[in-house]
Amino acid sequence: MQGSRNTTGTHRAAGRSQHFLERRAIACALMLVGLFAALAGSTSAGAYTRARSHDNAPGVATSASDSQRPSDRPAAPVSRPAPSSRPKTPPPIAKAPGALNSEPAPALDPRRRNCARSPRVCGYPDASTTGVTPGTVLKKSGCVDAHNTNQVIENITITGCTIEVDARNVTIRNVKVVIDAPETWAIVIRPGASATIDHVDISGVDAEHHSVEYGVLSFSNKPVTVSHANLHNCADCIQGEYITATDNYIHDIGGPPDAHVDGIQCDGNDGCHLTATHNTVVASAIAIALYGDFGTPTDSTISNNLVGGGSFTLYAGTEKSTNIHITNNRITRTIHPKGGLFGPLAYYYPNPGNTFTGNIWDDTGKPVPG
């Protein structure tokens with residue numbers, strides 16, 4: 001369904017099963033229904049303007065041609081939360097634990113409303129709490145790679161280059177990367193490498209033809225941590241397995257008209273093992289996705305995030321996924337009035353170890369159905 005194109009070296013398998021092809025046909029039909037409804041005015045101004053089938057319908061399969069950047073994928077964002085005045089009560093919400101299988105995140109305060117308008121007021125990340133640490137002096141740098149264990153890359157700004165990591169325990173902090181690369185990445189973690197990426201600002205030049213496809217892309221089955229990052233003008237802002245994403249602000253997601261766009265995602269290659277806690281992610285397609293393109297997503301946590309999507313908000317794996325925990329997330333309807341053209345949640349199954357609890361609508365504080 002997503003992200004692994006010719007440039008990533010992980011092509012779609014040529015022989016998708018008939019079961020998935022049938023689901024694709026159903027999904028395309030549903031997409032047309034949604035499109036006609038949108039044209040008839042049944043969706044509000046929060047809906048994005050171009051319906052594209054892959055992320056706009058449940059259970060869509062992919063084929064070998066998907067590696068050629070299909071043209072039916074989600075459009076660039078068309079609606080963004082607007083600033084608002086600071087509410088007086090109640091106190092900010094608490095952050096969720098970042099570790100998989102940790103104690104449950106504290107329950108959300110339903111008295112908080114419309115946090116997407118000003119995330120920081122509600123204790124969520126925004127531009128003021130992410131990116132390069134204020135006061136840091138950045139030096140202009142050429143292209144930088146990390147080939148040495150425990151290497152540190154810090155306090156630099158890079159324009160037009162990617163950072164390649166092929167060593168263990170690499171640290172990238174207080175780094176700004178601006179790159180015009182709609183078919184490649186800003187930071188890539190190669191197989192066997194590991195990295196901690198903290199307080200970075202990564203973006204394309206704009207949110208369309210001069211965007212960056214991947215903000216952070218990991219091919220590794222070793223731990224990669226991304227925290228306090230400001231990611232924007234990217235199509236697939238964080239992608240990979242064994243990633244922990246915490247306290248990030250992911251916004252203005254987009255790419256060329258045929259781009260596939262998601263905030264945080266895995267593709268099941270190694271079972272996902274994704275932990276996404278206390279992020280703000282607003283996407284025109286899907287905010288956080290556990291895809292099953294190349295395997296079955298398992299052992300993943302999506303907790304205490306402020307999220308919103310245009311097709312779905314959350315994509316929870318496959319019918320075989322286990323130990324998927326989706327708890328205490330706040331879902332905004334600023335992108336689509338239903339939390340997504342087809343609802344806020346796709347492919348969640350009550351399998352062993354799976355939980356969907358404590359999730360609420362941002363505008364009402366009422367529970368989101370699983």
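Since every read-out is calculated from the coordinates, none of them should be taken as a lab result. What you see is a predicted model, and the numbers here were worked out from it, not measured in a lab. Positions of Cβ are generated from backbone atoms using ideal geometry, with glycine treated the same way; all protein chains shown enter the neighbour counts.
Inclusion of residue 179 among residues that are within 20 Å of the chain's Cα centre (by Cα) and more than 15 Å from residue 238 (Cα to Cα) is warranted. For residue 178, the conditions (1) under 22 Å from residue 262 (Cα atoms); (2) in contact with a helix residue (DSSP H, G or I) (Cβ under 8 Å, 6 or more places away or on another chain) are fulfilled apart from (2). Pairs linking a residue in the stretch 140-152 that is touching a residue at least 24 places away in the same chain (Cβ under 8 Å) to a residue that is surrounded by 13 or more Cβ atoms within 10 Å (Cβ to Cβ) and of a type in the set (Val, Ile, Thr), with Cβ atoms under 8 Å and 6 or more positions apart or on different chains, are 146/153; 146/163; 146/165; 146/170; 146/172. Tell me yes or no: at least one residue of the stretch 299-308 is over 21 Å from residue 247 (Cα atoms), acidic (Asp, Glu) and in contact (Cβ under 8 Å) with a residue 24 or more places away in the chain. No; the residues of the stretch 299-308 include none that is over 21 Å from residue 247 (Cα atoms), acidic (Asp, Glu) and in contact (Cβ under 8 Å) with a residue 24 or more places away in the chain.
Within the stretch 103-143, being among the hydroxyl-bearing types (Ser, Thr, Tyr) and closer than 17 Å to residue 280 by Cα holds for 118, 124, 128, 129, 130.
In the set 206, 236, 201, which member is crowded, with 20+ Cβ neighbours inside 10 Å, over 20 Å from residue 133 (Cα atoms) and out of contact with any Leu (no Cβ under 6 Å at 6 or more places or on another chain)?
Within the list 206, 236, 201, the selection yields 236.
Here residue 343 fits the description: on the phi > 0 side of the Ramachandran plot, in contact with a Pro (Cβ under 9 Å, 6 or more places away or on another chain) and not in a strand (DSSP E or B). Residue check: residue 184 meets all listed conditions (1) polar (S, T, N, Q); (2) in contact with a Phe, Trp or Tyr (Cβ under 8 Å, 6 or more places away or on another chain); (3) not in a strand (DSSP E or B) but one, namely (3). Of the strands (runs of 3 or more DSSP E) lying entirely inside the stretch 205-279, those carrying at least 3 residues that are over 29 Å from residue 108 (Cβ atoms) and under 15 Å from the mean Cα position of the chain (by Cα) are 212-218. When the stretch 306-336 is limited to residues that are within 11 Å of the chain's Cα centre (by Cα) and not in a strand (DSSP E or B), the one that is surrounded by the fewest Cβ atoms within 10 Å (Cβ to Cβ) turns out to be 313. Candidates in the stretch 155-194 are the residues that are of a type in the set (Asp, Glu) and surrounded by 16 or more Cβ atoms within 10 Å (Cβ to Cβ); of these, the one that is nearest to residue 223 (Cα to Cα) is 166.
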